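Notes to accompany the following structure.
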Amino acid sequence: MTEDFLLELRSEEIPARMQERARTDLAALFEARLKALNLAFESIESFATPRRLALIVRGVAETTTAATEERKGPRADAPDAAIQGFLRSTGLTRDQLVARDDGKGGQVLFAVIERPGIVAGSVLASAASHAIHNFAWPKSMRWGAASSSTESLRWVRPLQGIVALLGDKLVPIEVAGIQSGAQTVGHRFHHPGVITIGSANDYVEKLRACHVIVDGAERRAIIAIGAKMAAKKAGLTLIEDEGLLFENAGLTEWPVPLLGRFDSEFLSVPPEVIQLTARVNQKYFVCAGPDGKLANAFVCTANIDASDGGAKIVEGNQKVLAARLSDARFFYDTDLKTRLDDLRPKLEKIVFHEKLGTVADKVDRVAKLARWLVEEGIVTPAKAGASGDGAGQESPETPASAGVTELADMAERAARLAKADLVTGMVGEFPELQGLIGGYYAAAQGEDPQVAEAIRDHYKPVGQGDEVPTAPVTVAVSLADKLDTIAGFFMKDLKPTGSKDPFALRRAALAVLALIFQNQLRGSVGGWLAEARHGFGAQGIADERAELGTTTLREELVQQFARIYMRDVRDFFADRLKVQQKEAGVRHDLIDAVFALGGEDDLVRLLARVHALQAFVTTEDGKNLLAGYKRAANILKKEDWTGETGTKKELSYTPLPEEQSLIQALDSAEPIAAAAIEREDFEGAMAALATLRAPIDAFFEKVTVNDADPDKREARLDLLARMRNAVHKVADFSKIEG
């Protein structure tokens with residue numbers, strides 16, 4: 001016979017952001033403990049509200065599983081002291097030990113200990129106490145007289161009550177002076193009195209009758225549906241926000257969504273400001289009108305079912321939101337009185353990083369780099385936003401011969417203004433608005449729309465799934481900003497290590513990759529980073545290197561530093577490329593195979609090679625050619641053979657037919673593959689290499705490489721080296737797995 005176990009831990013209000021994690025952690029802790037103690041059960045359900053954590057363990061067995069434990073002891077002829085020590089450790093007597101042959105003519109003593117089942121109540125009490133004392137809250141506290149001791153219980157908020165019932169029977173538990181019982185409380189206002197729980201089976205419904213919905217998913221569904229219906233009734237559309245949905249569910253035990261209004265005059269403030277004010281300060285949802293624009297309406301979530309339908313609650317929330325929006329409008333109007341240009345000097349007082357100077361220093365570097373990216377033709381109207389098929393084509397609106405200077409001017413202008421909003425009142429109040437609010441201010445102050453857009457979006461893409469800019473000015477500024485950050489921190493040896501990435505350089509690198517591939521930006525990423533590093537001027541060389549030794553030694557050290565720097569940063573980008581392409585199904589070993597060629601850091605071209613290579617190695621020809629290549633490479637490695645770079649040579653003997661076939665196949669494939677690579681037709685290059693598959697198979701089947709004739713041996717090793725070199729024009733096949 002099985003029964004259900006209920007555990008409720010009631011406390012003062014648990015922060016909303018902690019509830020979901022706490023719910024799952026409690027269930028995980030309890031499950032692990034029950035399994036460790038061999039108590040069988042069917043399933044565990046867990047719940048969280050602002051005032052309680054609870055779980056129900058379904059189908060708990062009456063006792064733990066009986067078990068037999070065997071312990072190996074000393075030999076039967078061991079000294080008596082050793083045997084007595086073993087007996088004391090097991091609690092058995094000498095006649096209870098079992099002697100078994102050890103396979104060497106002697107006997108070893110074993111203790112066979114029967115572990116009877118333990119009643120479920122004791123195990124559950126132990127598991128509950130263990131879970132409470134080992135619970136890892138993000139933040140916790142001690143309280144009361146016991147708090148003077150570091151040994152006292154820590155909990156997120158003062159623990160007030162424990163319910164522990166197995167079936168309809170109490171499971172005695174005492175934690176920090178709190179004894180378990182069958183009583184809890186209902187809703188703070190609707191039913192503040194004591195409730196007696198009969199068993200786990202009536203827990204959820206008995207609390208519901210007392211205006212407490214213990215299931216967070218159910219509360220979220222009530223809020224989501226209720227908010228949508230309230231907005232729809234007013235002819236509006238709710239702007240959904242999953243994070244806000246979880247937060248509102250974590251603030252209420254009996255959620256009641258209510259629609260309120262604010263003065264339409266506040267709509268003169270940017271909609272993002274209104275939404276952020278409502279969300280961050282008040283936990284309100286906002287609504288859109290029939291035209292899709294932000295409406296002067298919000299949805300708040302009450303925690304009571306008010307007798308007046310919530311009219312007073314709505315009225316109070318409208319007053320509070322009006323005050324918040326007044327503050328936001330004040331910041332907005334005040335900020336607009338000062339031009340972004342006039343705010344730039346204040347950036348000199350903000351330290352970007354102690355080793356990399358101020359934000360003003362960074363702005364100057366980014367502005368110069370953004371201009372360089374345009375003037376070098378890396379970012380142009382024709383390339384930014386282009387698809388893979390259209391990369392490099394001229395834009396009909398902006399001829400290639402015109403607009404470069406104008407685009408460079410706008411990129412530099414946008415970069416010089418991009419960080420100015422950091423010293424505005426609005427960003428001081430809402431740091432999340434940096435960049436975005438600067439774009440609004442730039443537009444309001446008459447800046448070119450492309451400049452305003454670049455200021456607004458230059459932080460993008462911020463994370464996976466974020467919009468990737470395609471407007472040329474924005475691309476130039478966004479790319480320059482991220483390249484400067486990566487170059488600077490690598491220069492000061494502040495690169496990510498292990499799981500630590502305090503300056504979000506991995507995210508910056510992924511953003512650079514997204515900008516490159518979305519906009520088909522062509523060129524050497526290493527060259528771009530070198531230009532970014534040069535922007536630091538004298539900072540680009542570590543002081544200790546600049547001061548050491550003679551001029552010659554100093555120059556050598558600087559060059560060595562530059563080589564190490566570029567190697568590290570290229571390896572870093574290679575790793576980020578693997579991460580980015582993993583979700584697209586691109587194999588990391590193929591990326592390594594192309595990177596291993598060296599000198600290939602045009603990432604658009606590199607990825608095209610990788611895609612062609614992946615398509616090729618999954619074909620039968622590709623698999624067989626890879627096998628043939630690895631066999632050839634192993635022979636060359638074993639013989640320590642480099643030959644004369646594997647070039648074609650005149651033979652002093654008549655080759656075997658299979659040998660001649662491979663020579664002819666290479667004569668045909670090499671120029672075709674080289675021409676295809678030159679025009680970036682990597683599929684064509686792979687197709688040319690595929691013709692080597694049959695000849696190399698036949699060669700290994702019929703030809704002896706290490707012939708007794710030294711001329712034949714040398715020629716055949718050179719032929720294999722030539723085959724290897726032909727393949728290496730596309731990728732280093734030695735890096736390919738399989």
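The values are calculated or read from the model by the stated rules, or taken from the named source; none is laboratory data. All values derive from a computational prediction rather than experimental measurement. Ideal geometry is used to build each Cβ from the backbone, glycine not excepted, and the neighbour counts take in all protein chains shown.
For the range 665-687, does any single residue satisfy the condition of being of a type in the set (F, W, Y) and surrounded by fewer than 21 Cβ atoms within 10 Å (Cβ to Cβ)? Even if it seems obvious, please write down each step before you answer.
From the range 665-687, those of a type in the set (F, W, Y) are 682; that's our starting set.
From what's left, surrounded by fewer than 21 Cβ atoms within 10 Å (Cβ to Cβ): none.
Looking through the range 665-687, none of the residues is of a type in the set (F, W, Y) and surrounded by fewer than 21 Cβ atoms within 10 Å (Cβ to Cβ).
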Hey, can you tell me all the residues within the range 288-312 that are of a type in the set (A, V, I, L, M, F, W, C) and over 20 Å from R220 (Cα atoms)?
-> A288, L294, A295, A297, A311
Those residues of the range 84-109 which are at negative phi, out of contact with any Leu (no Cβ under 7 Å at 6 or more places or on another chain) and in a loop (DSSP other than H, G, I, E, B) amount to L92, D102, K104, G106
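Name the residues in the range 331-340 that are touching a helix residue (DSSP H, G or I) at 6+ places or on another chain (Cβ under 8 Å) and surrounded by 14 or more Cβ atoms within 10 Å (Cβ to Cβ), would you? Spell out the reasoning first.
Narrowing the range 331-340 to residues touching a helix residue (DSSP H, G or I) at 6+ places or on another chain (Cβ under 8 Å): 331-332, 334-336, 340.
Matches in the range 331-340: F331, Y332, D335, L336, L340.
May I ask you to verify whether L651 is over 40 Å from the mean Cα position of the chain (by Cα) and either modelled with pLDDT under 90 or part of a loop (DSSP other than H, G, I, E, B) (or both)?
Values: over 40 Å from the mean Cα position of the chain (by Cα): yes; either modelled with pLDDT under 90 or part of a loop (DSSP other than H, G, I, E, B) (or both): yes.
Judged against the criteria, L651 is a match.
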All positions within the range 426-472 that are in contact with a Pro (Cβ under 8 Å, 6 or more places away or on another chain), in a helix (DSSP H, G or I) and charged (D, E, K, R) = D457
Report yes if V175 is in contact with a helix residue (DSSP H, G or I) (Cβ under 8 Å, 6 or more places away or on another chain), touching a residue at least 40 places away in the same chain (Cβ under 8 Å) and not assigned by TED's automatic domain parsing to the domain that holds Q282, otherwise no.
-> yes
Residue check: is F266 over 18 Å from L251 (Cβ atoms), touching a strand residue (DSSP E or B) at 6+ places or on another chain (Cβ under 8 Å) and in contact (Cβ under 8 Å) with a residue 24 or more places away in the chain?
-> yes
Which ones in the range 57-72 are modelled with pLDDT of 90 or more and among the small types (G, A, S)?
-> G59, A61
Please verify whether the range 238-248 includes one or more residues that are in contact with a Leu (Cβ under 6 Å, 6 or more places away or on another chain) and in the same structural domain as C287 (by TED's automatic domain parsing).
-> no
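Residues are listed down the side, and each one gets a yes or a no for (1) touching a residue at least 60 places away in the same chain (Cβ under 8 Å); (2) surrounded by 17 or more Cβ atoms within 10 Å (Cβ to Cβ); (3) touching a Pro at 6+ places or on another chain (Cβ under 6 Å):
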{"position": "L505", "(1), (2), (3)": "yes, yes, yes"}
{"position": "L510", "(1), (2), (3)": "yes, yes, no"}
{"position": "L515", "(1), (2), (3)": "no, yes, no"}
{"position": "V525", "(1), (2), (3)": "yes, yes, no"}
{"position": "W528", "(1), (2), (3)": "yes, yes, no"}
{"position": "G537", "(1), (2), (3)": "no, no, no"}
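Within the range 130-164, work out how many residues are of a type in the set (A, V, I, L, M) and surrounded by 18 or more Cβ atoms within 10 Å (Cβ to Cβ).
Here is the first cut: in the range 130-164, the residues of a type in the set (A, V, I, L, M) are 131-132, 136, 141, 145-146, 153, 156, 159, 162-164.
Those left that are additionally surrounded by 18 or more Cβ atoms within 10 Å (Cβ to Cβ): 131-132, 153, 156, 159, 162-164.
Selection size over the range 130-164: 8.
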If you take just the strands (runs of 3 or more DSSP E) that sit entirely in the range 1-78, which of them hold at least 2 residues that are touching a strand residue (DSSP E or B) at 6+ places or on another chain (Cβ under 8 Å), surrounded by 18 or more Cβ atoms within 10 Å (Cβ to Cβ) and not assigned by TED's automatic domain parsing to the domain that holds Q96?
-> 3-11, 43-49, 52-60
Check F733 against each of (1) touching a Gly at 6+ places or on another chain (Cβ under 9 Å); (2) within 17 Å of D621 (Cα to Cα) and name the one condition it does not meet.
-> (1)
Of the candidates A676, A694, the one satisfying the condition of being under 15 Å from G622 (Cβ atoms) and in the same structural domain as D601 (by TED's automatic domain parsing) is A694
Would you say A731 is assigned by TED's automatic domain parsing to the domain that holds A612 and without any contact (Cβ under 8 Å) to a residue 24 or more places away in the chain?
-> no
Are there any pairs with C-beta distances below 6 angstrom linking a residue in the range 677-688 that is β-branched (V, I, T) to a residue that is assigned to a loop (DSSP other than H, G, I, E, B) and modelled with pLDDT of 90 or more, with the two at least 6 apart or on different chains, and if so which?
-> none
Across the range 105-128, the tally of residues that are exposed (fewer than 15 other Cβ atoms within 10 Å of the Cβ) and either at pLDDT 95 or above or under 30 Å from P158 (Cα atoms) (or both) stands at 0
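Among L719, L689, L666, which is of a type in the set (A, V, I, L, M), under 20 Å from R631 (Cβ atoms), part of a helix (DSSP H, G or I) and within 45 Å of the chain's Cα centre (by Cα)? Working first, answer last.
Numbers: L719 fails: within 45 Å of the chain's Cα centre (by Cα); L666 fails: within 45 Å of the chain's Cα centre (by Cα).
The match here is L689.
In this structure, is P381 assigned by TED's automatic domain parsing to the domain that holds E406 and not aromatic (F, W, Y)?
Details: assigned by TED's automatic domain parsing to the domain that holds E406: yes; not aromatic (F, W, Y): yes.
Yes, satisfied.
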Within the range 591-637, considering residues that are assigned to a loop (DSSP other than H, G, I, E, B) and more than 28 Å from the chain's Cα centre (by Cα), the one nearest to S524 (Cα to Cα) | G599
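Filter the range 262-314 down to the residues that are assigned to a strand (DSSP E or B) and either among the small types (G, A, S) or under 33 Å from the mean Cα position of the chain (by Cα) (or both) and list them by number.
The first filter runs over the range 262-314 and keeps only residues assigned to a strand (DSSP E or B), leaving 285-288, 294-302.
Correct list: F285, V286, C287, A288, L294, A295, A297, F298, V299, C300, T301, A302.
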Looking at E406, is it surrounded by fewer than 19 Cβ atoms within 10 Å (Cβ to Cβ), in the same structural domain as D364 (by TED's automatic domain parsing), assigned to a helix (DSSP H, G or I) and touching a residue at least 60 places away in the same chain (Cβ under 8 Å)?
-> no
State whether the residues of the range 643-658 include one that is buried (at least 20 other Cβ atoms within 10 Å of the Cβ), farther than 21 Å from L597 by Cβ and touching a Lys or Arg at 6+ places or on another chain (Cβ under 8 Å).
-> no
